[in-house]
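> Dropping a structure here in structure tokens format, bear with me for questions.
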Amino acid sequence: MPLLPVPVPLSCPECGGRLQLIPSSPESYHCALAHEYSAHELDAALQQQIHLSLQHVIRQLQEQQTLIARRQPLGLYTPPVDSPLQLAQQILATLSRDVTAPPDGL
Ligand SMILES: [Zn+2]
């Protein structure tokens, strides 16, 4: 009897669907749309997505700082609960965590 694919808490880089581990090939994953990745390919895809996401976040933080700098002298700026600096610090704290440790909640 063939082993069934095992759902894992990972998303497909192409479609965002939940990935499943292929039991006959424990370093291979696929999604419901049949996108397939080796562990190495999945890691590379995740690194590329993280890089692009961080570039996007950095650009958004810079744009928010620009907007704040324009509004603050006019007295039109009310600081949000999480300022851009606090968000950036949260990102840095996340990046500096031990990446070999399992994520919270697992
Ligand atoms: Zn997919």
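> If you line up the long axis of helix 39-71 against the longest principal axis of the chain, both from Cα atoms, how many degrees apart are they, to the nearest 10?
For helix 39-71, the angle is close to 10 degrees.
> Here is a further query. Under 8 Å for C-alpha pairs, at least 6 residues apart: give me the relative contact order for the chain, rounded to a whole percent.
Here the relative contact order equals 13 percent.
> Let me ask you something else. Taking other Cβ within 10 Å of each residue's Cβ, how do Asp82, Asp98 sort, fewest first?
By the 10 Å Cβ count, ascending: Asp98, Asp82.
> With runs of 4+ DSSP H residues as the only contributors, calculate the mean residue ellipticity of the chain at 222 nm using -39,500 (n - 2.57) per run, divided by the residue total and rounded to the nearest 500.
-15000 deg cm²/dmol
> Using the alpha-carbon atoms, what tilt in degrees (0 to 90, nearest 10) does helix 84-95 show relative to the longest principal axis of the chain?
Value to nearest ten degrees: 30.
> How fast does the chain diffuse by Stokes-Einstein, in µm²/s, taking the Kirkwood radius from C-alpha pairs at 20 °C and 1.002 mPa s?
126
> With charges set only on the Cβ (+1 for Lys and Arg, -1 for Asp and Glu), what does the dipole of the chain come to about its Cα centre, in debye to the nearest 20?
Result for the chain is approximately 520 debye, rounded to the nearest 20.
Since every read-out is calculated from the coordinates, none of them should be taken as a lab result. Since the model is a prediction, treat every value here as computed from it, not as a measurement. Backbone-built Cβ (ideal geometry, glycine too); neighbour counts: all protein chains shown.
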